[in-house]
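The values are calculated or read from the model by the stated rules, or taken from the named source; none is laboratory data. Here the structure is a predicted model, which is why all the values come from computation and not from measurement. Methodologically, a virtual Cβ is constructed for each residue, glycine included, from the backbone with ideal geometry; neighbour enumeration extends over all protein chains shown. With ligands, DNA and RNA removed, areas are computed over all heavy atoms of the protein, side chains included. Shrake-Rupley method; radii C 1.70, N 1.55, O 1.52, S 1.80 Å.
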Number of protein chains: 4
Amino acid sequence: MIRVGIVGASGYTGAELVRLLSAHPQVKIAAATSESFAGQALNEVYPALMAAGEIKLARFTDTHWSSTDMEAVFLALPHGEAQAVAPALLGAGLKVIDLSGDFRFAETPVYEQWYHRPHTAKELAPLAVYGLPELFRDQIRNARLVANPGCFVTAAVLALWPLVHEGWVDPSALIVDAKTGVSGAGRTPKPETIFTKISENVVPYKTTGTHQHTPEIEMVLKHAGHDVRVTLTPQLVPARRGILAMAYGRLQAEIEEQELNQLYQRHFGSEPFVRLLTSGWPDLGCTQGTNLCVVRPAVDLRTRTAVVAASLDNLIKGASGQAIQNLNLMFGLDETLGLPGVGSAV
Amino acid sequence: MIRVGIVGASGYTGAELVRLLSAHPQVKIAAATSESFAGQALNEVYPALMAAGEIKLARFTDTHWSSTDMEAVFLALPHGEAQAVAPALLGAGLKVIDLSGDFRFAETPVYEQWYHRPHTAKELAPLAVYGLPELFRDQIRNARLVANPGCFVTAAVLALWPLVHEGWVDPSALIVDAKTGVSGAGRTPKPETIFTKISENVVPYKTTGTHQHTPEIEMVLKHAGHDVRVTLTPQLVPARRGILAMAYGRLQAEIEEQELNQLYQRHFGSEPFVRLLTSGWPDLGCTQGTNLCVVRPAVDLRTRTAVVAASLDNLIKGASGQAIQNLNLMFGLDETLGLPGVGSAV
Amino acid sequence: MIRVGIVGASGYTGAELVRLLSAHPQVKIAAATSESFAGQALNEVYPALMAAGEIKLARFTDTHWSSTDMEAVFLALPHGEAQAVAPALLGAGLKVIDLSGDFRFAETPVYEQWYHRPHTAKELAPLAVYGLPELFRDQIRNARLVANPGCFVTAAVLALWPLVHEGWVDPSALIVDAKTGVSGAGRTPKPETIFTKISENVVPYKTTGTHQHTPEIEMVLKHAGHDVRVTLTPQLVPARRGILAMAYGRLQAEIEEQELNQLYQRHFGSEPFVRLLTSGWPDLGCTQGTNLCVVRPAVDLRTRTAVVAASLDNLIKGASGQAIQNLNLMFGLDETLGLPGVGSAV
Amino acid sequence: MIRVGIVGASGYTGAELVRLLSAHPQVKIAAATSESFAGQALNEVYPALMAAGEIKLARFTDTHWSSTDMEAVFLALPHGEAQAVAPALLGAGLKVIDLSGDFRFAETPVYEQWYHRPHTAKELAPLAVYGLPELFRDQIRNARLVANPGCFVTAAVLALWPLVHEGWVDPSALIVDAKTGVSGAGRTPKPETIFTKISENVVPYKTTGTHQHTPEIEMVLKHAGHDVRVTLTPQLVPARRGILAMAYGRLQAEIEEQELNQLYQRHFGSEPFVRLLTSGWPDLGCTQGTNLCVVRPAVDLRTRTAVVAASLDNLIKGASGQAIQNLNLMFGLDETLGLPGVGSAV
C-alpha cells in the first residue's frame, strides 16, 4: 500500500481525492490537512463522504511529514500556497503532486506575470514534470515533483495537440471557447457562484487573454514544435462539474475529416483515458464521474476550420483523477488503478 | 462469477444496473435485452457507458435463457411486462429479481386495483419475497423471486418503520411529502419531463391517494403490526436523481427526540446502507451516487409531531443498487459487494 | 404620481421593487438607498435593470426624508434594521411599508423570542397593520405603517385560512411542507446558497418549529378564531424564485372535496390575486413573475386529510409585489395597478 | 386598437406572443389557432397564462380570416407550414409577420437546400421584408409580409454587422459559438430536450455548417458588403430561455478596443433595444424577459481576434418580441410599445 497525505483536503479537489482514493486498492490516506476545519472530521464538512471512513483534519504544521509515515503528498491548495510547502515535503523525501499552478511553468517569470505574485521556490521549477500522461508519461514515471495540469489546459491540449503537432492549423490564432461547471471556482461562496447568479445562465469571465490558463495552454502546445497563441473564453454554466471545450483553428490546407480522425487515432488511439469520436459530439455530461477525456475532431469545409470538442470532468481528469493517474505512474502501478471510466446514463 | 441477464437494459434502471455491475467483482453480464434498441450496443444509446465494455442488446425472444448460461436475471421492465416473462425464466431454473411492481403484492387484487390491469401470473405471487433487506434479509437469502421495492416505498418505510412498529404514531393518517428526481419517470420523453417544464419548478403529481406506491407503503408497514393509512404527495424537482421523503406522524404520547434516536438506532444501527443522523438534516443530494439511505428522525414538540427525513438515490437504493444488494444476499456474497457508499462532495 | 423611497434597494426585494415600479403608471422612485453600493447606480449592481433608468444609490443618512419629496417609503432591509429607521420616517409624515419581520407582531415579546433580538420601537407595534390584503384590506387602506407578510406566511395562510376559519381541521397539528427558491436567502453568498450546494438538491433548514415564520403563521391564523399550531418544514429547491407550500390538516369530519372548493370560493373567489383550482395542481413555476397566489384545496379521503397547495413568487406576492399591492390600497389606487398577473409558458 | 390573429398559439412562440400582447396597450387578439388544442382555452394548455383572459383556440380552417375582423396575423408555425397559409392571408388583405424560416430567403433555392423541402409560395419571396429593425427599419414600415429573423441570426448579426460592414475582420471564417436555452427546440418532448439529458449539461448539435441559421447569417451579413462564411456551433445549455453568442473574427489590422467601441456606438448607439457594453460581459441571463440584445465588442490583442458577445432572450428579441417590434413599425406605432426592457435581478 502507498500511503499518501492530502494537503488541503477540505477543498473540492481535496475532497475528490478522498472520494476517489476510497476506492483505490493500493493507496491509503495517512494524513489530511485543512486550515479552516482542523480538528473536525472530513465527513462533518461533506456529509456525502460519511462512508469514506473517519478522516481527521489537522493543520499542516501539526502534521508529521516524514517518509516513514507516507510516500507521497497531494497538494490541493490555492495557487501560491503550494510553493510554500513543497520544498520541505520534497526535502523530507516525499514525492509531491501539486494540483495548483505553482510548478507548471518551467519559466517562473511567466508564472509571476500571469499569477500576479512572486515565485518563492524557483529552484524547484526545473525539477517539476508537467503531469499530462498523454504527453509526458515517461518523465512522470521518474518524477519527484509533478505539476498537475489546469482543467482547461487538459481539455484544450488534448483537443489541439495533434493539429498543432502536424502543423495543420494556423497556430497564431487558435480559439478555445470553454464551458465549465461551477466547482472549478472552489468552495468559497462568491457573488459569481451563488445559485441565483448561475441558474439558467452562462457567464463569461477572464476573457480575451486574461485567464491564467492561456499561457499554460501555449506553453504545453509549444512542445508540439510551434509557437502558439490562443484566445481562451471561459464561461460558467449551470453544472456542478464538467468542461466542454470547443476548439477552433484555421486549417492551412484542405484537410478532410477522415484525415483528421486518422491523425487523432495515431496520437491518442491507445490512450486509456482518451476516447475519440468520429461521429456525434461529446456533451459536457458524458464524462461526469469519470477520468475520461472524450475528443471529437471535425472539419467545417465551408470555412476551412477545424472544430474539435473535448469533454472532461474538471474535478477528475481536470484535477484529482489526473493526479491519481500521475501517482499510479510515479509508483509503477497500473495507470488506471482506482480511476472510474464508466459514467452514468442519467 | 455469477452470470446475470438484464431484461430491459436500455431503460434508466437497466443502464444503472450495467454501470454498477461494471464495478462488481463477482458478477458478469451474460445477456442484455432491449426491444427498442435490439442490435445496437448499449454505449450507442448511452455514450457515458462507453467504457463499460461492449454490451450487445438483443430482443428478449432472441436471447437464450438457460441455467447453463447464467444464474440470475434482473427484470428492468415497465410495470405489467415482468409478469409476462418471469414464469419462463423461473421455469428455466434462473433466479429472478424484478424491479417492477408486478410481484410486490402478496394479494394480487390490490395490484390489479392500483395498477389498473389484470395480473397474469398470480401463481407466482406467494413465491415472491419483498426485497427490502433491512426488513426481510433472511427470506431474501432463500428467495428464487425477489420483488424489488418501489423507490418512494424504500424511503417511506425506512423513515416510518420504527415509529409504526413501536406504535408511537397514529397510523391512520401518516403523511409522506416526497420530492423526487426526474429519472423516476423513465427515459421516454413526456410533456411532464421536458426540461422547460421541470427547470426551476416543483411539480406535484398523483397526489391524495392516487400513486401506486401508496398501497405498497401500507402493505409493508402493516408487517410492523398496525394497519396504516398514508397520504403520499409525490413532487418532481429539478434533479436527475434522488428522493427526499419528509414523513410526518402524530405522536401518541410525549416522546423526546432522544428516545426517537435510540429507537432508530435499535432498528437500523447496524445496517450497512442506512445512516442515522441525530442532528442536521439529510438533503436529497447527500446520497446521490450511493446505495445509502440517510434517515433523520426528529420531533416537533409544539405540535407533537414526529418529522422524519429519508434521502436516497432513486436509481440505486431505490432501484438498481437495492436489486444488486438482493442479488448479493441470494448468492451468499458480502451484501455490500459492488455497491458504492461514498458520495460526492460536489 | 406617488413618489416613493426605497431603503435597501440593492437587495433582492429592493431590486424587485425597482423592477416592478418601473412599469407602475402612478409611482415614481424619488430616492433609493444602499449602504454597500452607495455612490453607484443600481444598474451597475444588476445589469438586468439597465433599462430601468439611472437610479442612484445613496446612504440612508445622506438622503433627505421629507414629505415634500415623497409620500411613502418601502423598507427592504434585513430583519432588525427596519425598527431603527421607521420612527423617523413616520415622524416625517411618510407612510411606511416594511418588508421585514420587525412590525409583524402585535406582541413584541413574540418577535423578541423568535428573532433573538430586542425590539427597539415597541411603541409602533400597535400602529402597524398586517399587510395581507385578502384578510385585512380595509385596515390597510387607512394604515400609516404596514407590515408586509413573510413569504411562507402568505402561502400558508392563503392555503389554510378557510379551513381554520370553518373549524374543519384539527388546529393543533397543521403541517406546512414548503419548498422555496433560493432568492429568499438574500443576495449575500453563503455556503448554503452556492450553486454547487443547491443544484440537483433539496435542502431542509430551520425545521421542527425553529423558523421565524412559524409564530407568524399561527398569529395570523388565530384571527380565524382558533388557536393554531403548525409544523413548518422549509426546504431550498433549485429555483431562483417561487414557493410551493403543501399544507396538511386532519379533517374533523367527513368533508367532500366539493365542499372544500365551495368554501375556498366563498373566501377567495373574488380576490384579484388569488386563483383557485378545482382540479390539477399548481406547480411552483406557474406563478413565477406574477403577483398571483394559486391555491388548490383537496381531500385525501383514505386518511381524512385536507391537502392544500399554494404557489406564489416569493419576491412578488411573497414580498415586493404584495408591498406594492399594499401601497395601491394605502393611496386609493386600483389595487392591481402595476402588478403582473400573466406568467410565462416557459 | 390593432386586431391580430395568432396562428399556432399553443407553441412556445405563440404563447409568448399572447403573454407579451396581454400588456400591449394598442393590440387586441382577435383569433388564435392551434391544431392540437382546438376547442380548448389557451390557459388550459399553459396555466401560467390563466390571467391573460380566455383565449379560445380554434383550427386554422375554422377561423374567419378577413380584414373586417383583424389587421394583421402572426404565423408561429413550424418551418414549412407558413408558406401554406400566407398566400390566402395576404390575399385577404391582412399584413403577415411570419416567425418561421419560410420567407427569410430572397433566393428560395437556398431555402430549399437548407430546409430540405420545396418552397410552395415562391412568388411571395420578393415581397417579404427581413424583419430585423436595426438594419431594415424603413422597409419594415411599408411591408405587407415580414420574415421575422431566426434567434441565432439576430444575435450573430448584431454581434458581427459593424465589423463586417467596416471590413475589419476576415469574412471567410467567422465563428459563432452559440449557447441556447431549451425553449428554442419547441414544446414537443424529444430525447434531446428531456430534463435528464439537459440538466448539468452542454450539448452541441447541428455543428460545422449543418444548422439552417448558417446561410441566414451569411445572407444578412452580405448586406454589409462582403461575402461572408460562418462556422456556427449551437449548444443547448440548462436554461429555459436565452442565447449567448460568442462571435470571433480575425482582425485584418491592429484595431484597438476603443475603436471597436466607437464603431459599434455609431451603428447601434441609438437603437432602443440594443445595449452596448464597453466593459464587463453580458451573461445569457441579463436579457431574460426583455426585448434587449446586449452586445460587448472586445479585442484579444495577443491573437488579433475580435471577440464579440451578444445576449438576447430567444423567445423575445429572438422571436415574439421582435415580431411585435415589427408590428409596431408596420402600423406606425411607437416601436417600443408593449415590449419589456427591464429584466430581473434574480
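Would you compute the Debye intensity of the range D:143-252 from its alpha-carbon atoms alone, equal scatterers and no solvent, and pass along log10 I(q)/I(0) at q = 0.14, 0.18, 0.22, 0.23 Å⁻¹ to two decimals? These q points yield log10 I(q)/I(0) values of -0.58, -0.87, -1.14, -1.20. Pairs exceeding 28 Å between alpha-carbon atoms, taken from B:K317/D:K197; B:K179/C:K190; B:K56/B:K317; A:K190/D:K190: A:K190/D:K190.
Here is the tail figure for the range C:132-208: Cα pairs spaced more than 16 Å apart come to 66 percent of all pairs.
Compactness of the range C:27-80, taken as the C-alpha radius of gyration over 2.2 N^0.38 Å, stands at 1.17.
Across peptide D:39-49, the mean count of Cβ atoms from other chains lying within 10 Å of each residue's own Cβ comes to 4. Each residue, A:D334 and C:Q26, gets one label point 7 Å from its Cα in the Cβ direction; the gap between the two is 7.7 nm.
Here the range D:72-216 is described by how far its Cα atoms reach on the three principal axes: 48, 43, 25 Å, from widest to narrowest.
For the range C:187-346, the equivalent ellipsoid derived from the Cα gyration tensor has semi-axes of 25, 23, 17 Å, listed largest first. Here the Debye sum runs over all C-alpha atoms of the range D:276-321 as equal scatterers in vacuum, and log10 of I(q)/I(0) at q = 0.24, 0.26, 0.27, 0.30 Å⁻¹ comes out as -0.78, -0.85, -0.89, -1.00.
Applying a DSSP loop filter and a limit of 14 other Cβ atoms within 10 Å to the GluC sites (Glu not before Pro) in the range C:255-323 leaves C:E256.
Taking GluC sites (Glu not before Pro) across the range A:1-67, the ones in a DSSP loop with at most 16 further Cβ atoms lying within 10 angstrom of their Cβ are A:E35, A:E54.
Selection among B:V308, B:L135, B:Q83 by position relative to the dipole of chain B gives B:Q83 as farthest towards the positive end (Cβ unit charges, Cα centre). Answer rounded, prolate or oblate for the range D:113-175, using the Cα gyration tensor with square roots of eigenvalues a ≥ b ≥ c: rounded when a/c is under 1.5, else prolate when a/b is larger than b/c, else oblate. Taking the square roots of the gyration eigenvalues as a ≥ b ≥ c, the range D:113-175 is oblate. The label-point distance for A:D138 and B:M1, in a model that sets each label 7 Å from Cα toward Cβ, rounds to 3.6 nm.
With a Förster radius of 56 Å applied to the beta-carbon distance between D:K206 and B:R117, the computed FRET efficiency rounds to 0.85. Think of each Lys and Arg Cβ as +1 and each Asp and Glu Cβ as -1; about the Cα centre, that makes the dipole of chain D roughly 420 debye. For peptide C:3-15, the mean count of partner chain Cβ atoms within 10 Å of a residue's Cβ comes to 1. Across the copies of the chain, C:T278 has label points (7 Å from Cα along Cα→Cβ) spaced 5.3, 6.2, 6.4 nm apart, shortest distance listed first. Chain D has one residue whose beta-carbon comes closest to the axis relating it to chain B; that residue and its distance in whole Å are D:P189, 2. Under the shape rule built on the C-alpha gyration tensor, where the axes satisfy a ≥ b ≥ c, the range B:218-281 is oblate, since a/c reaches at least 1.5 while a/b does not exceed b/c. Where the accessible area of the range C:15-129 is counted over protein heavy atoms with a 1.4 Å probe, how much of it, in %, is carbon and sulfur? Ligands and nucleic acids excluded, carbon and sulfur reach 53 percent. Overall, the range D:89-223 carries a charge dipole of about 460 debye about its Cα centre when +1 sits on the Cβ of Lys and Arg and -1 on the Cβ of Asp and Glu, all other atoms neutral.
Averaged over the residues of peptide D:273-281, the number of Cβ atoms from other protein chains lying within 10 Å of each residue's Cβ is 2.
An ellipsoid equivalent to the range B:1-117, defined through the eigenvalues of its Cα gyration tensor, has semi-axes of 25, 16, 13 Å when rounded to whole angstrom and sorted largest first.
Entry note, the range D:174-272: relative contact order of 46 percent, from Cα contacts under 8 Å with a spacing of 6+ residues.
Sorted largest first, the spans of the alpha carbon positions of chain C along the three principal axes are 61, 44, 38 Å.
Each other copy holds its own label point for B:R144; taking that point as 7 Å from Cα along Cα to Cβ, the gaps run 6.7, 8.0, 8.6 nm, nearest first.
The range D:167-229 and the range A:2-36 have Cα centres separated by 43 Å. Relative to the longest principal axis of the Cα atoms of chain D, the long axis of helix D:257-268 makes an angle of roughly 30 degrees. Pairing chain A with chain D buries about 3800 Å² of accessible area. This figure sums both sides and uses a 1.4 Å probe. What you get for the range B:4-72, charging only the Cβ of Lys and Arg (+1) and of Asp and Glu (-1), is a dipole of about 80 debye around the Cα centre. Placing a label point 7 Å from Cα along the Cα-to-Cβ direction at C:E254 gives distances to the equivalent points in the other copies of 3.6, 8.5, 9.1 nm, listed shortest first.
For chain B, a Gaussian network of Cα nodes joined below 10 Å ranks B:P118, B:P234, B:P191 by mean-square fluctuation, and the top entry is B:P191. On the beta carbon distance between A:E259 and B:K190, with R0 = 35 Å, the FRET formula returns roughly 0.20. Sorted largest first, the principal axis extents computed over the alpha-carbon atoms of the protein assembly as shown equal 81, 79, 65 Å. Close amide H contacts of D:I2 (hydrogens built in the peptide plane, cut-off under 5 Å, sequence separation of 5 or more or a different chain): D:V27, D:K28.
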